[in-house]
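First the structure, in the form of structure tokens, and then the observations on it.
The values are calculated or read from the model by the stated rules, or taken from the named source; none is laboratory data. All figures in this text were calculated on a predicted structure; none of them were measured in a lab. Don't worry about glycine lacking a Cβ; one is built from the backbone with ideal geometry, like all the others, and counts go over all protein chains shown. Heads up: the accessible areas ignore ligands, DNA and RNA and are worked out on the full protein's heavy atoms, side chains in. Shrake-Rupley method; radii C 1.70, N 1.55, O 1.52, S 1.80 Å.
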Amino acid sequence: LSYINSALGSLKLTHGTVLLDAMKQAATSFNHDASRRIVVLLTDGIDMGSKMSENAVVDSVVQQGVEVHSVGIAGGDYTGFTLQRLSLATGGSYRAVKDANQLTTLYRQLGRALLRAYWFEFHSNQAGNTGVNLAITVPGQSAILHQYTTPTVTNAGHEIPIPPLRAAPQYHRSL
């Protein structure tokens, strides 16, 4: 308990949020074994004093494979552009509320959606430039169909198949 009190006592409070720096730190803090990395971000959307640029943070978050679900509290100078950009680039979602009283309902909806989302990944052993038909089935639900062509690369005139890391696009269907 004394350690916590000491740590809290050393904090310097300032006005504003270093939103971009915090997002970068959150994105890089996940365990490398995590199968799914999700950040739910609640903010007024206004960055105050971050050292990192928006482009660098978006690139880093995407590279880390983090899915950002942004919730913006609209008001004042709020535009939501940065939050929308983070969410869109990472396959997450963006929502804005005008009143903090809306947060309970919003978080309940977001929680349900996240619990019902599936991530599908597989490695194809098909030769390059081969058409693949993929069907994903879940008991009690309609099949999801996806078609793609396996990529190829050439080395010294020889075609080398490159299995896709994620054959189907990120898919989040609430059941």
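So SER124 passes all but one of these: (1) surrounded by 15 or more Cβ atoms within 10 Å (Cβ to Cβ); (2) over 30 Å from ILE144 (Cα atoms); (3) among the polar types (S, T, N, Q). Which condition number does it fail?
SER124 satisfies every listed condition except (2).
Would you pick out the residues in the range 131-151 that are surrounded by 11 or more Cβ atoms within 10 Å (Cβ to Cβ), at pLDDT 75 or above and out of contact with any strand residue (DSSP E or B) (no Cβ under 7 Å at 6 or more places or on another chain)?
Within the range 131-151, just VAL138 meets the criteria.
Collect the residues in the range 5-33 that are aliphatic (A, V, I, L, M) and modelled with pLDDT of 70 or more, keeping them in residue-number order.
VAL18, LEU19, LEU20, ALA22, MET23, ALA26, ALA27
Among all residue pairs at least 6 apart or on different chains, which show Cβ distances below 9 Å where the first residue, located in the range 20-35, is within 23 Å of LEU83 (Cβ to Cβ) and the second is modelled with pLDDT under 90 and among the acidic types (Asp, Glu)?
Short answer, once both residue conditions are applied: LEU20/ASP47; ASP21/ASP47.
So how many residues does the range 54-112 have that are out of contact with any helix residue (DSSP H, G or I) (no Cβ under 7 Å at 6 or more places or on another chain), open to solvent by less than 50 Å² (accessible area, probe 1.4 Å) and more than 20 Å from SER35 (Cα to Cα)?
Residues in the range 54-112 being out of contact with any helix residue (DSSP H, G or I) (no Cβ under 7 Å at 6 or more places or on another chain), open to solvent by less than 50 Å² (accessible area, probe 1.4 Å) and more than 20 Å from SER35 (Cα to Cα): 8 in total.
What's the number of the condition GLN170 fails, among (1) surrounded by fewer than 13 Cβ atoms within 10 Å (Cβ to Cβ); (2) at pLDDT below 80?
(1)
Restricting to the range 36-53, count the residues that are of a type in the set (D, E, K, R), touching a helix residue (DSSP H, G or I) at 6+ places or on another chain (Cβ under 8 Å) and either touching a residue at least 40 places away in the same chain (Cβ under 8 Å) or surrounded by 11 or more Cβ atoms within 10 Å (Cβ to Cβ) (or both).
Qualifying residue count for the region: 2.
Contact list please: Cβ distance under 7 Å, first residue in the range 71-93 and closer than 22 Å to THR104 by Cα and without any contact (Cβ under 8 Å) to a residue 24 or more places away in the chain, second residue part of a helix (DSSP H, G or I) and of a type outside the set (S, T, N, Q), pairs at least six apart or on different chains.
Listed by first residue and then by second, the contacts come to nothing, as the list is empty.
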